[in-house]
Amino acid sequence: MANEKTKRKQAPDMAPLADPAHLGDMMQGMMRAQARIMDAMLRQNIEALDFLKTRYEKDRALYAALAQAENSQQVSALWSEFLASAKSDYSAEAGKLGALAAVTTEEVIEGIDDEVKAATGGAPRKGKV
């Protein structure tokens, strides 16, 4: 009778309680999923920051070159070359970030799926961290 009183009762409309024997596996699966999501997001941020660093270095070089220009024709040529290069750089970076955003979205969706599987006792995907 004491055993009946100590058992946890569950509302009929709730999902089954997690098996304590599998909590470690569940936590590991959830951590794996979170690591995949964060890795994808950080890769995207690193790419954007690398691009900005490169662009800022080119900005600095432009101003140094403008300070050395001897006439308005040289200034015009420097600006023209700089703007053409910037347009090309930004276009290429937009493509890279678009591709990374697609990968990040896929990783987030798969990570959430893995977290749900881990939380409900299902088997998460292995090895894609």
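Throughout, read-outs are computed from the coordinates displayed, never taken from laboratory work. All values reported here derive from a predicted model rather than from experimental measurement.
Normalising by the residue count of segment 34-119, find the relative contact order in percent from Cα pairs under 8 Å and 6+ residues apart.
On the way: 30 pairs, mean separation 50.8, N = 86.
That works out to 59 percent.
Based only on Cα atoms, what mean projected area does the convex hull of segment 34-119 have, in nm²?
5.8 nm²
Within segment 49-123, how many lysine pairs that are 8 or more places apart, or on different chains, have C-alpha atoms less than 19 Å apart?
Lysine pair count for segment 49-123: 4.
How much length would be gained if the chain were fully extended between ALA101 and ASN45, taking 0.36 nm per residue of separation minus their Cα-Cα distance, in nm to one decimal?
Numbers: separation 56, 0.36 × 56 = 20.16 nm, distance 1.02 nm.
Fully extending the segment from ALA101 to ASN45 adds 19.1 nm.
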